[in-house]
1. From the list ARG156, ARG114, ARG191, which residue is within 10 Å of ligand 1 (Cβ to nearest atom), of a type in the set (Lys, Arg) and not in a loop (DSSP other than H, G, I, E, B)?
2. Residues that are within 16 Å of ligand 1 (Cβ to nearest atom) and in contact with a Ser or Thr (Cβ under 9 Å, 6 or more places away or on another chain): find the helices (runs of 4 or more DSSP H) completely inside segment 266-335 holding 1 or more of those.
3. Can you tell me which residue among LEU113, LEU97 is more than 17 Å from GLY334 (Cα to Cα), aliphatic (A, V, I, L, M) and more than 16 Å from ligand 3 (Cβ to nearest atom)?
4. Answer yes or no: is there a residue in segment 63-83 that is within 29 Å of GLN134 (Cβ to Cβ) and within 16 Å of ligand 3 (Cβ to nearest atom).
5. Given (1) loosely packed, with under 15 Cβ neighbours inside 10 Å; (2) part of a loop (DSSP other than H, G, I, E, B), identify the lone condition not met by HIS217.
6. If you check every pair at least six apart or on different chains, which have Cβ atoms under 8 Å apart with a residue in segment 240-251 that is outside any strand (DSSP E or B) first and a residue that is of a type in the set (Phe, Trp, Tyr) second?
7. Can you tell me which of VAL128, VAL163 is part of a loop (DSSP other than H, G, I, E, B) and β-branched (Val, Ile, Thr)?
Amino acid sequence: MALRDVHHRPLKDLRISVTDRCNFRCTYCMPREHFGSDHDFLPRNELLSYEEITFVVDSLMNCGLQKVRLTGGEPLLRRDLTDLVSMLRQAGPELDLAMTTNGALLKNHAESLREAGLDRVTVSLDAVEPETFQAMADTEQVDPEAIFAGIKEAQRAGLTVKVNTVVRKGVNEDQILPLARICLQHNIPLRFIEYMDVGNTNAWKLDEVITGAEIRHIIEGEFGSLKPLPSKEASEVARRYTLESGYEFGFIESVSNPFCGDCSRARLSANGSIYTCLFSSSGNDLKGLLRFGASQNDVQEAIRAIWEQRKDRYSMERTELTGDENKVEMSFIGG
Ligand code: SAM
Ligand code: SF4
Ligand code: SF4
């Protein structure tokens, strides 16, 4: 039976952070001054094992779970991730199985992930121009060409690919059109994400947000008018717009046009806690239960109890000065 929260929203989508580590230090997510060489990442024994993750997913299979997204941190840093994909595919032959990645390691893994049963991959890419890309991701080792090579390989392997771009005013707004041109040319759906006030480390300010409406205005200036499309499903995060040619852009407008009303997402952190909102300050530990020999029914009942108390509507209640110093980092609970 479906799980329903206080606002009658079902739990349909589980995002699983498989690691809190990353090979990038995107300034809006893991700024190096907070995630430097002295940062305490989770020790290995704190991470849920693939068996434990699959156990949790399996326990939700008969209560309306439809989508699982592997994320992090950078999911491709976790060793043998394809094993987890195979295990999840076995647990849920009908599950929509997706992954969000920065793409740096995708080229070498795309084919085996597809063979293991992954359906879709969302690649985060904030710039075409190498200098802006490297400044935004705070990396010297990787350039956009490597990310495009990963995207190409993922498409060749048969994965459905989308690109996600976070736009931060004064940093990469000049990359909106170059990214749009290249994605349009290769017919890869592109989604723009408004810069969000997740976590406590990115020193978010409202005046660094470029809204979806502002981005649409820039796009229309070059490509002609955009027409809004109806949502395919209520819980869809991106609002879709189409050019006359039929090419679609998505806009994830968590700041200017929030979508908590239909939010059906739960998050499982790398250390095994359930979070019911991206902006939560604390999670509910499942790892203890799992390591104490809980049955799938116990796990399902624990998640039901958490979900039934859920009232989160952070984006709809956000104020200009968010002020909450205790929000958990996105790299920890999974974007
Ligand atoms: N490392 C992977 C990646 O970058 O795709 C997966 C994890 S990352 C936390 C997931 C998504 O969150 C990425 O698309 C990233 O751009 C987005 N993200 C991180 N911090 C953000 C912020 N402050 N505002 C908006 N999106 C953010
Ligand atoms: Fe790493 Fe993804 Fe966060 Fe960038 S957005 S620092 S790639 S987890
Ligand atoms: Fe869902 Fe929380 Fe985001 Fe609202 S703010 S859409 S409740 S994750």
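Nothing in this text is a laboratory measurement; each read-out follows from the coordinates by a stated rule. Here the structure is a predicted model, which means the values were calculated and not measured. When we count neighbours, we look across all protein chains shown, and the Cβ atoms used for this are built from the backbone with ideal geometry, even at glycine.
1. Working: ARG156 fails: within 10 Å of ligand 1 (Cβ to nearest atom); ARG114 fails: within 10 Å of ligand 1 (Cβ to nearest atom).
Exactly one residue qualifies, and that residue is ARG191.
2. Details: elements: 287-291, 296-308, 314-317, 330-333.
By residue number, 314-317, 330-333.
3. Details: LEU97 fails: more than 17 Å from GLY334 (Cα to Cα).
Result of the check over LEU113, LEU97: LEU113.
4. Among the residues of segment 63-83, at least one is within 29 Å of GLN134 (Cβ to Cβ) and within 16 Å of ligand 3 (Cβ to nearest atom), which makes the answer yes.
5. The failed condition is (2).
6. Hits for this filter: LEU243/PHE223; LEU243/PHE249.
7. On the way: VAL163 fails: part of a loop (DSSP other than H, G, I, E, B).
Residue meeting the stated conditions: VAL128.
One line per residue, one yes/no per condition, for (1) out of contact with any Phe, Trp or Tyr (no Cβ under 8 Å at 6 or more places or on another chain); (2) under 20 Å from GLY212 (Cβ atoms); (3) surrounded by 21 or more Cβ atoms within 10 Å (Cβ to Cβ):
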position	(1), (2), (3)
ILE274	yes, no, yes
LEU278	no, yes, yes
SER281	yes, no, no
LYS287	yes, no, no
ASP298	yes, no, no
ILE306	yes, no, no
ILE333	no, no, yes
